[in-house]
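A quick write-up on the structure given underneath.
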Amino acid sequence: MKIKSVELLMTAGNATQFPVTDYPEIAFVGRSNVGKSSLLNTLINRKNYARTSRQPGKTQTINFYSVNETKMLVDLPGYGYAKTSKREREAWGRLIESYLRNRKQLKGIVQLIDIRHVPGKNDVDMFNWINHFGYDCIVIATKADKISKGRRQKHIADVGKALGISDHRKIIPFSSVERLNRDQIWDNLNILTETTDHSIIE
Ligand code: GTP
Ligand code: MG
């Protein structure tokens, strides 16, 4: 995918701030620190346009990035950061739900899982929730560079088992360090934004 333009259209802390456009959107979900913002940067060929940090909990708002003035990549704050207070967790839940439940433009969700770890309860709940609402979902196993090539497939299999995905080809290994599978991920995103007509089911 050739990137001609990228713009951070909106940093939204609540639903009234979600931008009004008809660009198809893809959202990135996953635990804090799993590499959502880093994946986004790799996709748009920028180093730190979406701000990343070694400290979990970096992204606290929903950030809307328009790409080539045709589609939107949406960076969500991560879940599962242990130091978060109950009040912050509730605020996170409200913000995420208000986006994922009602967003007509949302054509698909990318769920990120750290390839080194078996998905936790939060990950499984999120995956089931995405499927329950009928969204198309792409699962990406991040930080693949932290594992030797020979062991990656075994870790992918563990991720698939925990999420109930029997076809392991549906889980794409990724590394922002190696830019591993960047083009393949774009191909998948383009299919979602071009063909899916998602209607929310309650
Ligand atoms: P929150 O915004 O807190 O939810 O985190 P995030 O999911 O956006 O994670 P972020 O992209 O900020 O990355 C967290 C840390 O992991 C940073 O220090 C990144 O440099 C590192 N990281 C992200 N992706 C990779 C990767 O593929 N390989 C390696 N080795 N490190 C990575
Ligand atoms: Mg982030």
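A short reminder: the numbers here are calculations on the coordinates, not readings from a lab. This structure is a prediction, so every number in the text was calculated from the model and none was measured. All Cβ positions, even for glycine, are placed from backbone atoms using ideal geometry, and neighbour counts span all protein chains on display.
Please go through region 130-149 and pick out each residue that is more than 16 Å from ligand 2 (Cβ to nearest atom), touching an Asp or Glu at 6+ places or on another chain (Cβ under 9 Å) and of a type in the set (Lys, Arg). Scanning region 130-149 gives a single hit, 146. Considering region 75-92, and only residues there that are of a type in the set (Gly, Ala, Ser) and under 18 Å from residue 34 (Cβ atoms), the residue that is farthest from ligand 1 (Cβ to nearest atom) turns out to be 82.
Number of residues in region 34-54 that are crowded, with 21+ Cβ neighbours inside 10 Å and part of a loop (DSSP other than H, G, I, E, B) equals 3.
Within region 47-74, restricting attention to residues that are within 23 Å of residue 106 (Cβ to Cβ) and of a type in the set (Lys, Arg), the residue that is farthest from ligand 1 (Cβ to nearest atom) is 71. Restricting 110, 139, 159 to those that are crowded, with 21+ Cβ neighbours inside 10 Å, free of Cβ contacts under 8 Å to residues at least 60 places away in the same chain and under 15 Å from the mean Cα position of the chain (by Cα) reduces the list to 139.
Let's see how each residue does on (1) in contact with a His (Cβ under 9 Å, 6 or more places away or on another chain); (2) touching a residue at least 12 places away in the same chain (Cβ under 8 Å); (3) in a loop (DSSP other than H, G, I, E, B); (4) within 16 Å of ligand 2 (Cβ to nearest atom):
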| residue | (1), (2), (3), (4) |
| --- | --- |
| 26 | no, yes, no, yes |
| 56 | no, yes, yes, yes |
| 63 | no, yes, no, yes |
| 69 | no, yes, yes, no |
| 73 | no, yes, no, yes |
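Against the list (1) more than 16 Å from residue 27 (Cβ to Cβ); (2) in a loop (DSSP other than H, G, I, E, B); (3) more than 13 Å from ligand 1 (Cβ to nearest atom); (4) not small (Gly, Ala, Ser), the condition residue 135 fails is (1).
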